[in-house]
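Asks: Handing you a structure now.
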Amino acid sequence: MPDKVENPMLAADIVRALGLQPHPEGGWFRETYRAAAQIPASALDRHYDGARATSTAIYYLLEAGQRSALHRLRSDEIFHFYAGDPLTIVEIAPDGRLTETRLGADLAAGAIPQHVIPAGAWFGAVPEGRFSLVGCTVAPGFDFADFELAETAALLRTFPRHESWIRRLA
């Protein structure tokens, strides 16, 4: 299996074809699904401030030179690889453990096509080539009220041993 899913399109072509818009953390996105079913606030963890859709999904594209800035969510997020070059996802768990995951199509080279980021972990990503097109599914569903961009100085104080990744993804 090749290291990437061959795609003759350029990132700009994909952005246009899928109707992607700039994302606050970097890159391009478009929500493709928001479940009609809702989870009431009373059934959710106390960190949620209201009801949430049971699930949401987006397309997400990073081009060479872009990055997904370090951020965290109150929900789990599942990444699915679609096309382009592999994506390196970097996570810092609340206990300070750092993991790097290679999302891609080449299983023989250690890539995996799907990866779960647990709620509360700081994470960001960088493409390994021209672009990476992925899908992201969030459950309970994504709400910008549950999205927190990292503050570089605070993360450096908390996780100084991860300075190189924090500076690269901040």
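Asks: I want to make sure I understand the PRE zone here: with the label point 7 angstrom from the Cα of ALA108 toward its beta carbon, which residues in segment 128-149 have backbone N atoms less than 20 Å away?
Replies: Taking a point 7 Å out along Cα→Cβ of ALA108, no residue of segment 128-149 has its backbone N under 20 Å.
Asks: Hey, rough spin-label estimate for ASP45 and TYR33, points 7 angstrom out along Cα→Cβ, what's it come to in nanometres?
Replies: 2.2
Asks: Rg/Rh for segment 57-108 to two decimals, with Rh computed the Kirkwood way over all alpha-carbon pairs. Write down the numbers at each step before the final one.
Replies: Numbers: Rg = 12.2 Å, Rh = 12.8 Å.
So for segment 57-108, dividing Rg by the Kirkwood Rh gives 0.95.
Asks: Which of the trypsin sites (Lys or Arg not before Pro) found in segment 63-98 are loop residues per DSSP with 12 or fewer other Cβ atoms within 10 Å of their Cβ?
Replies: Passing both the DSSP loop test and the Cβ count: ARG97.
Asks: Might you tell me the accessible area per residue for segment 1-118, computed with a 1.4 Å probe and given in Å²? Walk me through the intermediate numbers first.
Replies: Values: 6020 Å² over 118 residues.
Ligands and nucleic acids excluded, the figure is 51 Å² per residue.
Asks: Over the alpha carbons of the chain, what is the largest minus smallest coordinate on each principal axis, giving the biggest first in Å?
Replies: 48, 42, 29
Asks: Going by a ≥ b ≥ c, the root eigenvalues of the Cα gyration tensor, does segment 69-143 fall in the rounded group (a/c under 1.5), the prolate group (a/b larger than b/c) or the oblate group?
Replies: Here segment 69-143 falls in the prolate category.
The values are calculated or read from the model by the stated rules, or taken from the named source; none is laboratory data. Being a predicted model, the structure only gives us computed values, none of them experimental. Glycine also receives a Cβ, built like all others from the backbone with ideal geometry; neighbour counts cover every protein chain displayed. What goes into the accessible areas is simple: the full protein's heavy atoms, side chains included, and nothing from ligands, DNA or RNA. Shrake-Rupley method; radii C 1.70, N 1.55, O 1.52, S 1.80 Å.
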